[in-house]
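Before any comments, here is the structure.
The values are calculated or read from the model by the stated rules, or taken from the named source; none is laboratory data. Everything numeric in this text was worked out from a predicted model, so none of it was measured. Here Cβ is always computed from backbone atoms with ideal geometry, including for glycine, and neighbour counts include all displayed protein chains. Keep in mind that these areas ignore ligands, DNA and RNA; they rest on the heavy atoms of the full protein, side chains included. Shrake-Rupley method; radii C 1.70, N 1.55, O 1.52, S 1.80 Å.
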Amino acid sequence: IVEINNSLKVSPKHRLFKVDGLDIVEVEAKDLKIGDYLVIPERIEVEGKEIPLPKIEQKRFFVLTNKGGELIKKKAKEKGLTLKNVSREVFGINARQLRRVLNQRYPVSEEVVRNIEKVLEIKLDGFVKEFSSRKFNKVKIPEVLTPKISQVLGYLIGDGCLDKYSVRFRDSRKTVLLHYKNLLEGEFGVEAKIRKLKKSKCFELRVDNIYLSELLKLLKNDWLKIIPKSKKECVRKFLRGLFDAEGSVDERGAITFCVVDRKLLEVVKLLLLRFGIRSKISKMREFYRLMIIKDAYQFKKEIGLTAKDKERKIKEKKSREIIPIKREILNRILKEYEFKERKDLRYVTKNYLEKIIEKNESLKSIFSKLLNSDISFEKVTKLRVLKNEEKLIDFSVLPTENFIANGYFVHNST
């Protein structure tokens, strides 16, 4: 198989699209050369849909009153039940847990209360009080995925931690955690707390709630089935959450996102194209890196970052969008239309072509394919022929007979 720019693996006969003079032609992967320009999408329009959130069963918990405990002991004795070694099968809790419920007022689920009532043939409605705690407080869960929940999910996938009873985020910027605290409290009606970690420059945001943890765990496990299908605003906020957690901005204003999971970056690359943001993936020693260079300012406008000190590093720069036309072809056209030959041009840019079209409308038809489509160009900088150890699958996409694979236009393989 042929690997192109560390991003796309195809069979040698699989066809892609490259620039040839003023046209776009098909080329088999085995015939690609370093320096060729491949056609890539500048933007992918996906309408998306509302995604229903999973249903979480939120249990009610109770504590027994003193009279309730005495009533259970009395009825158990009448029925010949020894509470000190009663098995879990009888009430749904073991003997040790039952002693805590009876003697120490430990909370117990409604299911166990009903089991006790059934076994002992009693009613406990007047002998229990409803119990609530931060761990078991009911959570407000919307019917469908919202942009705010999407942002929390992005941050969680980027750098969050889940266990059965809690959700935790850590960041050196307290202002970032304050933002996510507001999102969690506003969207779910929970209590979130921020504390400074000892012997560390980090802060921790924590929510202790079993139901929120369960919901976010389900969303985290299924995010690949959820986010790419969701509405654009949900995708926008999901990306913001991811880059808030793991994104960095260098002194040039380029945005970098590094993770071990390559598949995550491949999906992020496609999601960014919904906003006209192009990126590149490269392999580092122990991880993969996604970089946004040309479209960093587009990212700032469309996605943004919660950490304003990072966001301020991203500056608007004059566009130098390269159009891969060979200089001799361009000079031949300029000469034919009585333009001065440009020997000083290192690259032909989109801006330059638009300027000469303004001066002569006749040139519009010549350059229209390269200027007026939702396409862009990527230079082939790395080609590797690899031993094939995977199954290759042929499939067709009608009616165009081409599709987008890892951010590249490719032809049906059949």
- Item | In the stretch 215-254, residue surrounded by the most Cβ atoms within 10 Å (Cβ to Cβ) [restricted to those that are closer than 28 Å to residue 165 by Cβ, of a type in the set (Asp, Glu) and modelled with pLDDT of 95 or more] | 244
- Message: So residue 301 ticks every box in (1) in contact (Cβ under 8 Å) with a residue 12 or more places away in the chain; (2) open to solvent by 40 Å² or more (accessible area, probe 1.4 Å); (3) assigned to a helix (DSSP H, G or I) but one. Which box is left unticked?
- Response: (1)
- Message: Looking at residue 192 and the list (1) surrounded by 16 or more Cβ atoms within 10 Å (Cβ to Cβ); (2) touching a residue at least 24 places away in the same chain (Cβ under 8 Å); (3) over 14 Å from residue 153 (Cβ atoms); (4) not charged (D, E, K, R), which single condition is not satisfied?
- Response: (2)
- Query: Do we have any residue at all in the stretch 18-26 that's part of a strand (DSSP E or B), without any contact (Cβ under 8 Å) to a residue 60 or more places away in the chain and surrounded by fewer than 19 Cβ atoms within 10 Å (Cβ to Cβ)?
  - Reply: yes
- Query: Looking at the stretch 49-85, which of its residues are farther than 26 Å from residue 164 by Cβ, open to solvent by less than 100 Å² (accessible area, probe 1.4 Å) and either among the aromatic types (Phe, Trp, Tyr) or touching a helix residue (DSSP H, G or I) at 6+ places or on another chain (Cβ under 9 Å) (or both)?
  - Reply: 65, 68, 69, 71, 72, 73, 75, 76, 79, 81, 82, 83
- Query: Which residues, counting only those in the stretch 155-196, are assigned to a strand (DSSP E or B), within 18 Å of residue 56 (Cβ to Cβ) and of a type in the set (A, V, I, L, M, F, W, C)?
  - Reply: 162, 167
- Task: Quick one: residue 199 ticks every box in (1) of a type in the set (D, E, K, R); (2) open to solvent by 40 Å² or more (accessible area, probe 1.4 Å); (3) outside any loop (DSSP other than H, G, I, E, B) except a single one, so which number is it?
- Result: (3)
- Task: Quickly run through the stretch 357-368 and pick out the residues that are free of Cβ contacts under 8 Å to residues at least 24 places away in the same chain and more than 14 Å from residue 325 (Cβ to Cβ).
- Result: 358, 359, 360, 361, 364, 365
- Is one or more of the residues making up the stretch 331-344 in contact with a strand residue (DSSP E or B) (Cβ under 7 Å, 6 or more places away or on another chain) and either modelled with pLDDT of 85 or more or farther than 18 Å from residue 36 by Cα (or both)? no
- Task: Within the stretch 129-145, identify whether any single residue is open to solvent by 40 Å² or more (accessible area, probe 1.4 Å), farther than 30 Å from residue 180 by Cα and at pLDDT below 90, and answer yes or no.
- Result: yes
- Message: Among the residues of the stretch 305-314, are any at pLDDT below 85 and over 26 Å from residue 13 (Cα atoms)?
- Response: no
- Apart from one, (1) open to solvent by less than 60 Å² (accessible area, probe 1.4 Å); (2) touching a helix residue (DSSP H, G or I) at 6+ places or on another chain (Cβ under 9 Å) all hold for residue 110; the odd one out is (2)
- Message: If I filter the stretch 318-353 down to residues being acidic (Asp, Glu) and outside any loop (DSSP other than H, G, I, E, B), which single residue comes out as nearest to residue 22 (Cα to Cα)?
- Response: 328
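The rows are residues; the columns are (1) open to solvent by 100 Å² or more (accessible area, probe 1.4 Å); (2) touching a residue at least 12 places away in the same chain (Cβ under 8 Å); (3) more than 31 Å from the chain's Cα centre (by Cα).
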{"residue": "321", "(1), (2), (3)": "no, yes, no"}
{"residue": "348", "(1), (2), (3)": "no, yes, yes"}
{"residue": "355", "(1), (2), (3)": "yes, no, yes"}
{"residue": "370", "(1), (2), (3)": "no, yes, yes"}
{"residue": "383", "(1), (2), (3)": "no, yes, no"}
{"residue": "397", "(1), (2), (3)": "no, yes, no"}
{"residue": "400", "(1), (2), (3)": "no, no, no"}
{"residue": "407", "(1), (2), (3)": "no, yes, no"}
{"residue": "412", "(1), (2), (3)": "no, yes, no"}
- Note on the structure: When (1) under 29 Å from the mean Cα position of the chain (by Cα); (2) of a type outside the set (Val, Ile, Thr); (3) open to solvent by 100 Å² or more (accessible area, probe 1.4 Å) are applied to residue 376, the one that fails is (3)
- Note on the structure: Checked the stretch 168-224 for anything of a type in the set (D, E, K, R), more than 18 Å from the chain's Cα centre (by Cα) and closer than 20 Å to residue 55 by Cα; matches are 185, 187, 208, 214
